[in-house]
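To keep things clear, I will list the structure first and then write my remarks on it.
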Amino acid sequence: MAHISLLIIVVIITALAFDFTNGFHDTANAMATSIATGALRPKVAVLICGVLNLAGAFLSTKVAQTISSGIVNDKLATPAIIFAGLIGAIVWNLGTWLLGLPSSSSHALFGGLIGAVWVGAGVNGVHFDQVISKILLPAVASPVIAGIAALIATYLAYRINRRAKAGPVTSGFRHGQTISASLVSLAHGTNDAQKTMGVITLTLISAGALASGSNPPYWVIAAAGLAIGLGTYSGGWRIIRTMGNRLTDIAAPQGFAAEASSTAVILSSANLGFALSTTHVVAGSVLGSGLGRRLAQVRWSVAGQMALAWLLTLPAAGAVGAIAAAVAIQGTAGVVVIGLVAVAVAVAVYAVSRREPITAGNVNDVQPIGAPREALSTAS
Amino acid sequence: MHIDWSALGQVAVVSVGIAVGVVAIFALGVRALSQREIDIEGGGSGTLSLTGALLCFAACAVVLLYSIYLIVPQLHHH
């Protein structure tokens, strides 16, 4: 391997750190409803999810040859700019995790890169038409489609079984859920670990350590798979609680309907070339499954907070990425400063999170809808 | 700027159709399992109900296998 500068090593470590936050942010997408309905014990759920994410990273040969799927001009993205974009994404992921808000890790990465390229290489480096057609449109459409699918599916699941015995129904749908949740995990692993592999590979290419057009080296695949797998296994319990328990009360048939709907949307859109966020799809499905059972069962205030976080993800991660880029392109000292600030933010977020820890043990301790209002506030 | 509305429409129709179809068939399978318990409690064998349940779950398994085929690129990119 050719000479690799300190900056390249820093970018690789930062990319793996983003991959880790991507994992713990998105465990909820696959496993929250299974944990909430008791189909899987929390620790078992995150273990399955972690292993399948790791497996997914190795399975997918669909190599990410672009960092951003054409949203920014990859040729303008120097290692310092990529570094700044990753910092923007990590900071936003940590902040939303602290608040327990499921927001899209892909949007955070795109937002960070857009902000960093804008400041670091000029506004012409950002392809705004692609931002609309590849990010904003799927972000609005995918949760609606998933929600409609889950609503109808949930309604039918209850309608078909309204005279059936409760025991076999619950156990049947719980068994179905373990399979549908695993499918979401595997699909997630094949997609999301690729993003980090793409970032690292293109950074190595830009540094001349790899020939242009190279596939990710084996160690990159292994490192990216491990980072996202470990992140997933560490379990973003705060987000799992929001997705599985706070948005709506979920029973096994709803969980199965939600996961089946998410899988259907993710796979059908991947087949047709839409890059969408698993987070948006799953949140739409969970909402739909709440509506499909009884119309009033959704906590709209939580849904509203989530929608607000989605709107803010791109600009907020972009703003952090832009500030980071302004400093990082000044040279090594700038990169060091931004790196230290990011580590400080991570430590601070972790420290605050320890005040009210949410773990595998208490993730499901949420008052059901209709409980006294003051009891609900313990979840936040 | 190009927005492919027909692709978006396809995603909507395909995913709603598949999701609702799979969940409905799975729900019928679960209902047949519950019917089997009722049959057995009533002194019957429940074989017919069990057969129905297995057929439903087999149909779901086919969709599951196709999903794995779609997820794993080695299976369809040559």
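Computed from the coordinates by the stated procedures, all read-outs in this text should not be read as laboratory data. What you are looking at is a predicted structure, and each value in this text was computed from that prediction instead of being measured. FYI the Cβ positions are ideal-geometry reconstructions off the backbone, even for glycines, and counts take in every protein chain you see.
Name the residue, out of A:SER171, A:SER104, that is polar (S, T, N, Q) and touching a Ser or Thr at 6+ places or on another chain (Cβ under 8 Å). Can you show your working first?
Details: A:SER171 fails: touching a Ser or Thr at 6+ places or on another chain (Cβ under 8 Å).
Criteria check complete, one pass: A:SER104.
Scanning the stretch A:122-140 for residues that are under 18 Å from A:ILE266 (Cβ atoms) and out of contact with any Ser or Thr (no Cβ under 9 Å at 6 or more places or on another chain) yields A:LEU137, A:VAL140. Scanning the stretch A:119-155 for residues that are touching a residue at least 12 places away in the same chain (Cβ under 8 Å), hydroxyl-bearing (Ser, Thr, Tyr) and surrounded by fewer than 22 Cβ atoms within 10 Å (Cβ to Cβ) yields one hit, A:TYR155.
Across the stretch B:31-53, the qualifying residues are those that are more than 23 Å from A:PRO253 (Cβ to Cβ) and more than 13 Å from chain A (Cβ to nearest Cβ), and the one among them that is surrounded by the fewest Cβ atoms within 10 Å (Cβ to Cβ) is B:GLY43. Evaluated against (1) buried (at least 24 other Cβ atoms within 10 Å of the Cβ); (2) farther than 21 Å from A:ILE329 by Cβ; (3) of a type outside the set (Phe, Trp, Tyr); (4) in contact with a His (Cβ under 8 Å, 6 or more places away or on another chain), A:SER106 falls short on exactly one condition, (4). Can you find, within the stretch A:238-267, the residue that is nearest to A:ALA283 (Cα to Cα) among those that are at the interface with chain B (Cβ under 9 Å from one of its Cβ atoms) and small (Gly, Ala, Ser)? So the residue we want is A:SER262.
Kindly evaluate B:ILE25 against the criterion of being more than 9 Å from chain A (Cβ to nearest Cβ) and within 20 Å of A:THR170 (Cα to Cα). Quick ask: steps written out before the conclusion?
On the way: more than 9 Å from chain A (Cβ to nearest Cβ): yes; within 20 Å of A:THR170 (Cα to Cα): yes.
Spelling it out, B:ILE25 is indeed more than 9 Å from chain A (Cβ to nearest Cβ) and within 20 Å of A:THR170 (Cα to Cα).
What residue, among those in the stretch A:165-178 that are surrounded by 20 or more Cβ atoms within 10 Å (Cβ to Cβ) and out of contact with any Asp or Glu (no Cβ under 7 Å at 6 or more places or on another chain), is farthest from A:ALA270 (Cα to Cα)?
Restricting attention to the stretch A:165-178, the residues satisfying the condition of being surrounded by 20 or more Cβ atoms within 10 Å (Cβ to Cβ) are A:168-169, A:172-173, A:176-177.
Now narrow it down to the ones that are out of contact with any Asp or Glu (no Cβ under 7 Å at 6 or more places or on another chain): A:169, A:172-173, A:176.
Numbers: A:VAL169: 32, A:GLY172: 29, A:PHE173: 26, A:GLY176: 23 Å.
The extreme case among them is A:VAL169.
Residues that are in contact with a helix residue (DSSP H, G or I) (Cβ under 7 Å, 6 or more places away or on another chain) and either under 20 Å from A:ALA139 (Cβ atoms) or more than 7 Å from chain A (Cβ to nearest Cβ) (or both) within the stretch B:5-22 comprise B:LEU8, B:VAL11, B:ALA12, B:VAL14, B:SER15, B:VAL16, B:ALA19, listed in sequence order.
Checked against (1) surrounded by fewer than 23 Cβ atoms within 10 Å (Cβ to Cβ); (2) in contact with a Pro (Cβ under 8 Å, 6 or more places away or on another chain), A:THR203 passes all but condition (1).
Helices (runs of 4 or more DSSP H) wholly in the stretch A:73-166 with at least 1 residues that are touching a strand residue (DSSP E or B) at 6+ places or on another chain (Cβ under 8 Å) and away from chain B (no Cβ under 14 Å) - which ones? It would help to see each step written out before you state the result.
Values: elements: A:79-98, A:105-121, A:137-160.
Passing ranges, in order: A:105-121.
Residues checked against (1) under 17 Å from A:ALA32 (Cα atoms); (2) touching a helix residue (DSSP H, G or I) at 6+ places or on another chain (Cβ under 6 Å); (3) acidic (Asp, Glu):
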{"site": "A:ALA164", "(1), (2), (3)": "no, yes, no"}
{"site": "A:THR178", "(1), (2), (3)": "yes, no, no"}
{"site": "A:ASN191", "(1), (2), (3)": "no, no, no"}
{"site": "A:THR203", "(1), (2), (3)": "no, yes, no"}
{"site": "A:SER212", "(1), (2), (3)": "no, yes, no"}
{"site": "A:ALA222", "(1), (2), (3)": "no, no, no"}
{"site": "A:GLY225", "(1), (2), (3)": "no, yes, no"}
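Screening A:ASP192 on (1) within 14 Å of chain B (Cβ to nearest Cβ); (2) under 20 Å from A:ILE8 (Cβ atoms) shows it passes everything except condition (2). For the stretch A:275-332, the set of residues classified as among the hydroxyl-bearing types (Ser, Thr, Tyr), closer than 30 Å to A:GLN254 by Cβ and surrounded by fewer than 17 Cβ atoms within 10 Å (Cβ to Cβ) consists of A:SER301 only.
In the set (1) at positive phi; (2) in contact with a helix residue (DSSP H, G or I) (Cβ under 6 Å, 6 or more places away or on another chain), A:ALA316 fails one condition alone, (1). Assess whether A:VAL184 counts as being buried (at least 21 other Cβ atoms within 10 Å of the Cβ) and more than 8 Å from chain B (Cβ to nearest Cβ). So A:VAL184 fits the description; yes.
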